[in-house]
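No value in this document is a laboratory result; all are computed from the given coordinates. Computed from a predicted structure; not experimentally measured. Positions of Cβ are generated from backbone atoms using ideal geometry, with glycine treated the same way; all protein chains shown enter the neighbour counts.
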Amino acid sequence: MAAKVLTAKAVADALGITPQRVRMLAQARGIGQQIERGVWLFMPDDVERLRPGPRGRRPKEGKVRYKYTVTSYLNAQQPPYDEPKRFMFAVEDTETGGIVHEEHEFLSYDAALNAARDYIATLRPS
């Protein structure tokens with residue numbers, strides 16, 4: 001028994017969107033089959049997989065509890081500065097305004113940034 005094949009126009013009518021949007025979603029999600037330029041065919045079960053998600057950004061779940069700052073310093077040297085720049089991070093609790101944690105002596109900005117993100121991840125409840 002042959003399955004019913006739908007065109008982009010039929011899928012668009014079912015979803016309440018334009019055929020062009022159906023083709024864009026199909027290409028982005030790898031759904032359906034393009035048989036020639038501008039001609040797409042879909043199976044009936046593809047219709048729900050092509051349904052667009054909610055519009056706009058997801059709402060924020062609340063205020064951010066912790067924030068971090070990464071800064072550089074010259075390790076309290078006097079000129080001429082022979083050693084490379086050092087980096088540190090500090091994590092602040094936005095509810096109390098206090099510094100929760102800080103670490104020094106990172107040799108790169110990325111290392112300090114990753115350490116700050118890892119530390120905050122340990123503070124978040126699972």
ask   = With Cβ to Cβ distances under 15 Å as the rule, what net charge do the other residues near residue 15 carry (K, R +1; D, E -1)?
value = +3
key: Packing-based exposure ordering (other Cβ within 10 Å, fewest first) of 103, 92, 48   = 48, 103, 92
request  = Figure the gain on full extension for residue 21 and residue 101 (residue separation times 0.36 nm, minus the Cα-Cα span) and round it to one decimal in nm.
outcome  = 24.0 nm
key: Label-zone membership for region 5-20, site residue 33, 7 angstrom Cα→C-beta point, backbone N under 18 Å   = 5-11
